[in-house]
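The values are calculated or read from the model by the stated rules, or taken from the named source; none is laboratory data. Remember, it's a predicted structure, so these values are computed and weren't measured experimentally. So basically every Cβ, Gly included, is an ideal-geometry build from the backbone, and we count neighbours across all protein chains shown.
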Amino acid sequence: MRGLVLFAHGAADPQWARPFEAIRDRVHEALPSRPLSLAYLEHMAPTLEEAIDRLCAQGATAVAVVPLFMAQGGHLKRDVPRILDAIRQSRPGIAITLENAMGDVPEILDVIAAWVASRA
């Protein structure tokens with residue numbers, strides 16, 4: 001079974017997480033039997049490693065990390081691959097993939113552009 005980690009940057013202000021928690025809740029509604037977790041790079045819990053461990057404890061044998069980042073910046077180019085390499089080494093039986101940043105998905109850009117245009 002493939003689990004999903006929604007992965008966000010994190011912030012010191014706990015209210016910052018609300019939109020990401022809403023996304024998590026909506027994904028859970030759409031995929032209620034899928035192991036799902038929300039994780040953060042910094043400032044908040046759980047970490048990526050903790051979230052993957054939780055999914056594995058729920059029976060996931062593969063994990064897709066879905067970054068809720070707008071673009072492929074330094075974190076997604078350098079930090080996250082390094083973190084995932086360490087996690088993969090300690091869990092060789094779990095297939096872990098890193099999906100594209102949101103800004104690389106044309107459908108998401110279309111929705112954002114339509115929302116902005118509706119404000120004009």
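May I ask you to list the residues in region 87-107 that are in contact (Cβ under 8 Å) with a residue 12 or more places away in the chain and part of a helix (DSSP H, G or I)?
Initial filter on region 87-107 (in contact (Cβ under 8 Å) with a residue 12 or more places away in the chain): 87, 91, 93-104.
Result: Ile87, Met102, Gly103, Asp104.
Identify the residue in region 37-72 that is more than 23 Å from Pro14 (Cα to Cα) and in a loop (DSSP other than H, G, I, E, B) and, among all such residues, is nearest to the chain's Cα centre (by Cα).
Selected residue: Gln72.
Could you list, in sequence order, the residues of region 1-33 that are under 21 Å from Arg88 (Cβ atoms) and assigned to a loop (DSSP other than H, G, I, E, B)?
Met1 - this is the single residue of region 1-33 that is under 21 Å from Arg88 (Cβ atoms) and assigned to a loop (DSSP other than H, G, I, E, B).
Considering only residues that are surrounded by fewer than 14 Cβ atoms within 10 Å (Cβ to Cβ) and either touching a strand residue (DSSP E or B) at 6+ places or on another chain (Cβ under 9 Å) or touching a residue at least 24 places away in the same chain (Cβ under 8 Å) (or both), which ones fall in region 51-60? Steps first, please.
To start, the set of residues in region 51-60 that are surrounded by fewer than 14 Cβ atoms within 10 Å (Cβ to Cβ) comprises 57-59.
Hits for region 51-60 are Gln58, Gly59.
Does Asp79 qualify as being at pLDDT 95 or above, in a helix (DSSP H, G or I) and over 18 Å from Val27 (Cβ atoms)?
On the way: at pLDDT 95 or above: no; in a helix (DSSP H, G or I): yes; over 18 Å from Val27 (Cβ atoms): yes.
No, not satisfied.
Scanning region 2-40 for residues that are of a type in the set (A, V, I, L, M) and touching a residue at least 40 places away in the same chain (Cβ under 8 Å), which turns out surrounded by the fewest Cβ atoms within 10 Å (Cβ to Cβ)? Spell out how you get there, then give the answer.
The first filter runs over region 2-40 and keeps only residues of a type in the set (A, V, I, L, M), leaving 4-6, 8, 11-12, 17, 22-23, 27, 30-31, 36, 38-39.
Pick out the ones that are also touching a residue at least 40 places away in the same chain (Cβ under 8 Å) and you get 4-6, 8, 23.
Numbers: Leu4: 22, Val5: 26, Leu6: 20, Ala8: 22, Ile23: 15.
Ranking the candidates gives Ile23 first.
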